[in-house]
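A short worksheet on the structure shown next.
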Amino acid sequence: MFAKEVEIMSENCNHDCSSCGENCESRQQSFLKPLHEGAAVGRVIAVVSGKGGVGKSLVTSLLACEMQRRGHRAAVLDADITGPSIPQLFGVHEGARGGENFILPVETKTGIQMMSMNVLLPKETDPVVWRGPVIAGAVEQFWTDVIWNDVDYMFVDMPPGTGDVPLTVFQSLPVNGLVVVASPQELVGMIVEKAVNMAGLMNKRVLGLVENMSYYVCPDCGKQHSVFGESHIDETAKRFGIEHVAKLPIDPAYAAACDAGQIESLKVPELTELADYIERGAY
């Protein structure tokens, strides 16, 4: 009887311990924040990197586009408060609307829901000069105050590193898994290992490892060139037990589409296997 009651409690739990009178084990451990009333989000995938400039926002956006293209409702939560780039990639320049206690996400051309600091600023070029706790609080509000509309897959574009914001996201949001993004010259161990180890500390599973700028294909001869050195992504993935690996080429078309705010026009077959795995939900 007790086991059945626990099962029912688990199914009905909204992770808001402040509104619950039960004395369950998770009450002592959970820091998860509730969604806004009327909001609904299915799976939450955090996209992380050990350092900046490796294409994390690109991968976040491409995965959201792929899931939206497959008929799911996708969303992007831009947790990089001081360096938001997601709106630019999608060509979104309108401000978000809302009321005293809520914010409505903006939508891209194909209907991907989005929240970013850049859609809340008076000017897109205004800097955000905040200390860590304030930044972490803003990210938390992107989860609790935004009325996300029946999202199937939310991709969280994390700032680089393992500081306040990643900790806030892992503790406050029900993250189902991580995608780690790296580039060949940094994929030699330590920085990637930090991101993977943080995932382990927070009991989060690494779903895939993406090596951006892995190679360049010569348009004349079709030969692949390892501009930033030979790839070690397969060895790294094997070392950490990561099954799904993707290698993205250096492609001027990617940069052109991002600069023009037309990332939704890109189709990147190299991410198909990882997207399949995320879609299956076997994690």
Charged-residue dipole, Cβ positions (Lys, Arg, Asp, Glu), the chain about Cα centre, Debye nearest 20: 280 debye
Relative contact order, percent, segment 33-280 [alpha-carbon distance under 8 Å, six or more residues apart]: 27 percent
Mind listing the long-range amide H neighbours of Arg73? Cut-off is under 5 Å, sequence gap 5 or more, other chains count too, H placed in the peptide plane at 1.01 Å from N. Asp152, Tyr153
Nearest 5 percent is fine: what portion of the DSSP beta bridges confined to the chain is antiparallel? 20 percent
Beta carbons within 10 angstrom, averaged per residue: use that to sort the peptides 240-250, 213-223, highest first. 240-250, 213-223
Backbone HN-Hα couplings from phi across segment 173-185 [Karplus 6.51/-1.76/1.60, Hz, Gly and Pro as x]: 10, x, 5, 8, x, 10, 10, 9, 10, 8, 10, x, 5
Taking a 27 Å limit on the Cα-Cα distance, which of the listed pairs Lys33/Lys204; Lys194/Lys267; Lys33/Lys109; Lys109/Lys223 fall beyond it? Lys194/Lys267; Lys33/Lys109; Lys109/Lys223
Which of Met158, Met190, Met198 has the fewest other C-beta atoms within 10 Å, and how do the rest follow up to the most? Met190, Met198, Met158
One computes Rg over Rh for the chain from alpha-carbon atoms, with the Kirkwood Rh, and obtains 0.98
Mean-position separation - Cα centroids, segment 33-88 and segment 111-156, in angstrom: 10 Å
Give me the tail of P(r) for segment 191-283 as a percent: Cα-Cα pairs with distance above 23 Å. 37 percent
Could you work out the relative contact order of segment 138-211? I mean the mean sequence separation of Cα pairs under 8 Å and 6+ apart, divided by the number of residues, in percent. 33 percent
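Just so you know, all these numbers are worked out from the coordinates, no wet-lab data involved. These figures come from a predicted structure and were not determined experimentally. Virtual Cβ from ideal backbone geometry, glycine too; neighbours counted across all protein chains shown.
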